[in-house]
Amino acid sequence: MLDNRKVLFSGMQATGNLTLGNYLGALKNWVSLSDEYDCFYCVVDEHSITVRQDPGVLRKRARALLTLYIGAGLDPEKNCLYYQSHVSAHAELAWILNCFTYMGELNRMTQFKDKAEKHSDNINAGLYTYPVLMAADILLFQSDIVPVGSDQKQHIEITRDIAERFNNLYGDVFTIPEPYFGKTGARIMSLQEPEKKMSKSDENPNASIYLMDSPDDVLRKCKRAVTDSIGEIRYCEEQPGLRNLIDIYGACMEKSPAEVEKEFAGKGYGDFKLAVAEAVNSVLRPLHEEVARLEKDKAYIDSVIKNNAERAAYAANKTLRKVQKKVGFPERVR
Ligand code: TRP
């Protein structure tokens, strides 16, 4: 990795099945950013256990997600792709940062409130301090930018607040990170309720296209996508279903909404839906092939997991040691 490049950190949870929204809204952007930045892309398995998980399923999904990172085009020689739980500095820095975060701040986190409501039988301390672990993830690598969905905005703000507080006390220890929200067009909505984000956990089987869906699944879901009775292919507020299909088609084919409108001017919704399905499948097909190929190469994936965790640990420990010294932990005898 080149030293003069800016540092990028982002992470994804291996819970639920990833959707086309995760790919077009996040992973695809990660790939295009990877030329420009020194990138750390983490599988944040420590965050996942803030909600109860089946251990076997979590382990399998974590590996599938890391394989997908590579399959989507992130080169593990140029980017650091690793499991959070393999780099102990995350948990160690999170502990220290817990002591620099106020309960009042955490009480304001809207994601905590939402999740506490959803998992009212298990409102654990980890769920509460989730944003602090996320701050540790980001600050460990002196990250300059953090690509995230807009639902993570508050978590980036608290990260910046914690970092500034620490820097004010101890000098310039942490780089203050900037969020990066990507292109606006890439916010993919539910096919059934286009005012809602496409979600990994939607109960309606037709609402989300999953990355591992077969071409037939994709076709069926596109055909059933909710539209309207206006009958014109236009990109506007009044036609949220169509607008979403235009966004999906545009993101897959790398075309602007205006170009898509023009291409389908005068055509019917049925034809357009078939074209959307074909566009989605043209993106998913190579992804499926690449993931299937990688899955067969167990030794290669294992070596990526090992090497990249070592590289991440090396970078992370530099920051951790500095922080430990600042807060007054005894020096290590060599
Ligand atoms: N909380 C993020 C999400 O659910 C995942 C995440 C954990 C993350 N640590 C991170 C994202 C650090 C960016 C940077 O989407």
Cα centroid separation, the stretch 281-307 to the stretch 209-258 (Å): 28 Å
Give the distance, in whole Å, between the Cα centre of the stretch 157-206 and the Cα centre of the stretch 32-61. 15 Å
Treating the angle as unsigned and between 0 and 90°, give the value, to the nearest 10°, between the Cα long axis of helix 89-98 and the longest Cα principal axis of the chain. 80 degrees
If you fit an axis through the alpha-carbon atoms of helix 215-224 and take the longest principal axis of the Cα set of the chain, what angle between them do you get, 0 to 90°, nearest 10? 70 degrees
Of I188, I96, V280, which is farthest on the positive side of the dipole of the chain, counting Cα position, with +1 on Lys and Arg Cβ, -1 on Asp and Glu Cβ, and the Cα centre as origin? I96
Sort the stretch 235-334 into rounded, prolate or oblate with this rule: let a ≥ b ≥ c be the square roots of the eigenvalues of the Cα gyration tensor; rounded if a/c is under 1.5, and if a/c is not under 1.5, prolate when a/b is larger than b/c, oblate otherwise. oblate
Reference-scaled alpha-carbon Rg (2.2 N^0.38 Å with N residues) for the chain: 1.06
Going down the table (K115/K200; K197/K267; K28/K223; K153/K197), which pairs top 18 Å between alpha carbons? K197/K267; K28/K223
Counting only DSSP loop positions in the stretch 92-161, the chymotrypsin sites (Phe, Trp or Tyr not before Pro) whose Cβ has at most 14 other Cβ atoms within 10 Å are Y102
Considering only the chain, what is the antiparallel percent among its DSSP beta bridges, to the nearest 5? 10 percent
Based solely on its DSSP helices, what 222 nm [θ] is calculated for the chain when runs of n ≥ 4 H residues each add -39,500 (n - 2.57) and the sum is averaged over all residues, nearest 500 deg cm²/dmol? -16000 deg cm²/dmol
What nm distance separates the two modelled labels at N124 and E254, each placed 7 Å from Cα along Cα→Cβ? 4.3 nm
Among the GluC sites (Glu not before Pro) within the stretch 5-84, which fall in a DSSP loop and have no more than 14 other Cβ atoms within 10 Å of their own Cβ? E36, E77
Charges at C-beta only: +1 for Lys and Arg, -1 for Asp and Glu. How large is the resulting dipole of the chain about its Cα centre, in Debye rounded to 20? 800 debye
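All of the numbers you see were taken from the coordinates with simple rules; none came from a lab. As the structure is a prediction and not an experimental result, all values here were calculated from the model. For neighbour counting, all protein chains shown are included, and Cβ atoms are generated from backbone atoms with ideal geometry for every residue, glycine included.
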